[in-house]
Amino acid sequence: MTSASRWLDRLERVGNRLPDPALLFVLCTLLAFGASALLADRPTGITDARSGQALVVANQCTVDGVLAFGAGLVRNFVAFPPLGLVLVAMLGLGLADHSGFIATLLKGLLGLTPRKYLTPIVIAAGIISHSAVDAGFVLVIPLAALVFAAAGRHPLAGLAAGFAGVSGGLSANPVPSSLDALVQGITQSAVAVLDPARTVNPLCNWYFNAAASVLILLAGWWITDKVVEPRARRVPVDGDAGALELGALSPGERAGLRWAFGVLFACAALVVAACWSPTSALRNSAGSLTAQDAPLMQLIVPLLFVAGLASGLAFGFRSGRYRSQRDVMAGFTRSMEGMGSYLVMAFFAAQFIAVFAQSNLGAWLAARGATALRELDLAPQPTVLGVIAISGGVDIVIGSCSAKWALLAPVLVPMGMQLGLSPELMQGAYRIGDSTTNIITPLMPYFPLVVAYCQRHCKTCGIGTLVALMLPYSLGFLALWSALLLVFWQLGIPLGPGAPYAYP
């Protein structure tokens, strides 16, 4: 056993001794209350980039603070960002699963895919899923575990590979997505602080992100097969997630697949036809289909629900699995039965995130880190690596990509411009740090959901198990992705269209 393996074992043991994830969020909430009381009203010397006023930590331990927390208890839960997305998507996809469509489809695909190529296919699916907002969390990750289990491999290895592709390589995508426009908009606002005439292309990191997707795929493949899966084999598979039974498809299953694919093709054709016109209602005011405010992007989850519902109904009735509406309602009910533990964790996670935001503790930590980096007055390359480190560190406590960049960009982008570093370079560095530590922080909104996926297959899994599985990806991606940025910079390869490294 190597020293690295022993270290991961210790990390796993320590992590699994932590309280249940729901209780951990309760403790974090109490800690946030206490920290807000200790730091309240102390002058920080930091300007809040969002308001332009002095940043002050708000005491949540006052009578008004406690009353506001109690009054917002339900609102915090209902407004928890992943909650509606997960439940609505799982309702439709759960029916597709209950009908047998997903299991049958995976059986057919496994017959065509060599076992040794499952890992890169799963990671590639996770990377491409970024174009569909957060769909990868509710689709790719659980299916990856099932695919690996059906192929005789450990389900946790498949889950880890899927999680690495979906979240660890968040900004690595050869296909431009709404995230590019979202981040660029924040960068543009930060640039205007020093140079209102300077514009930033929404695809200013496209070439770099496309190259990073290849790097993430290859690195994730090696890490999964050589590091993660050997560790995962020591975890007993004793959950009740079910398994795919491989073998030849029956005539009913083949007919059901034809009907299901026919329905999916018809749905896709309707969406394409609706998007085709330059004046389509699914485009935003600028005519874009992929911008954050485009109706099509806001309909991704409802479209997933409809796709799961339509394909599940078509397969279920044609294959003989469903015979009446009662069977369909049973499928909906079954799809929600496994979400109980996630709902409990989501409730307490939502309360912690609300207190953390209302107290300004997250903003204070982000601003302190950015200010400290500026005061170090480092050379260009160390400065960029420092931006990556700051972004990754802040990512541990603030999960939202846009929220972190809204806090950091007004400090980091003008700082970089004053040092002769372009806004595009600072944005590219931020996206590396933002992506690579998502998969090791229990405070990431979807982390409780991934823990729940683990426990479906292996009941003994805890936070420590998942963190130990994902840490090799996080460290590997962070090192290689940072090195790739330095290589691009050294060779003068553009980060994207109209994206220089120097300013002005």
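The values are calculated or read from the model by the stated rules, or taken from the named source; none is laboratory data. Every value quoted in this text rests on a predicted model; they were computed, and no experiment measured them. Here the Cβ is made from the backbone with ideal geometry for all residues, glycine too, and neighbour counts use every protein chain on show.
Annotation: of all residues in region 94-103 being of a type in the set (A, V, I, L, M) and at pLDDT 75 or above, the one that is farthest from Gly256 (Cα to Cα) is Leu95.
Please indicate, with yes or no, whether at least one residue in region 41-64 is among the small types (Gly, Ala, Ser), modelled with pLDDT under 90 and in a helix (DSSP H, G or I). Among the residues of region 41-64, not one is among the small types (Gly, Ala, Ser), modelled with pLDDT under 90 and in a helix (DSSP H, G or I), which makes the answer no. Residues in region 104-117 that are assigned to a helix (DSSP H, G or I) and modelled with pLDDT of 70 or more: Thr104, Leu105, Arg115, Lys116, Tyr117.
For region 479-503, a tally of residues being small (Gly, Ala, Ser) and surrounded by fewer than 13 Cβ atoms within 10 Å (Cβ to Cβ) returns 5.
Give me the pairs: first residue in region 419-435 and under 12 Å from Val384 (Cβ atoms), second residue surrounded by 24 or more Cβ atoms within 10 Å (Cβ to Cβ) and of a type in the set (Asp, Glu), beta-carbon distance under 8 Å, and six or more apart or on different chains, which are they? Close Cβ pairs satisfying both conditions: Gly433/Asp395. Taking Asp293 as the residue in question, decide whether it is of a type outside the set (Val, Ile, Thr) and modelled with pLDDT of 85 or more. For Asp293, the condition - of a type outside the set (Val, Ile, Thr) and modelled with pLDDT of 85 or more - is not met. Candidates are the residues of region 392-429 that are of a type in the set (Val, Ile, Thr) and either over 30 Å from Ala350 (Cβ atoms) or assigned to a helix (DSSP H, G or I) (or both); the one that is modelled with the highest pLDDT is Val413. Ala150 fulfils the conditions (1) without any contact (Cβ under 8 Å) to a residue 40 or more places away in the chain; (2) surrounded by fewer than 24 Cβ atoms within 10 Å (Cβ to Cβ) except for a single criterion, (1).
Would you pick out the residues in region 208-266 that are polar (S, T, N, Q), at pLDDT 90 or above and either loosely packed, with under 14 Cβ neighbours inside 10 Å or in contact with a helix residue (DSSP H, G or I) (Cβ under 7 Å, 6 or more places away or on another chain) (or both)?
Scanning region 208-266 gives Ser213, Thr224.
If the condition is being part of a helix (DSSP H, G or I) and not hydrophobic (A, V, I, L, M, F, W, C), then region 197-228 contributes Tyr207, Asn209, Ser213, Gly220, Thr224, Asp225, Lys226.
Please work out if Gly496 is more than 26 Å from Trp206 (Cβ to Cβ) and small (Gly, Ala, Ser).
No.
If you go through region 430-489 and keep only what is outside any helix (DSSP H, G or I) and over 18 Å from Arg231 (Cα atoms), you end up with Thr437, Thr441, Pro442, Leu443, Met444, Pro445, Tyr446. Across region 21-40, which residue is modelled with the highest pLDDT among those that are surrounded by 14 or more Cβ atoms within 10 Å (Cβ to Cβ) and over 10 Å from Phe348 (Cβ atoms)? Of everything passing the filter in region 21-40, Phe33 is modelled with the highest pLDDT.
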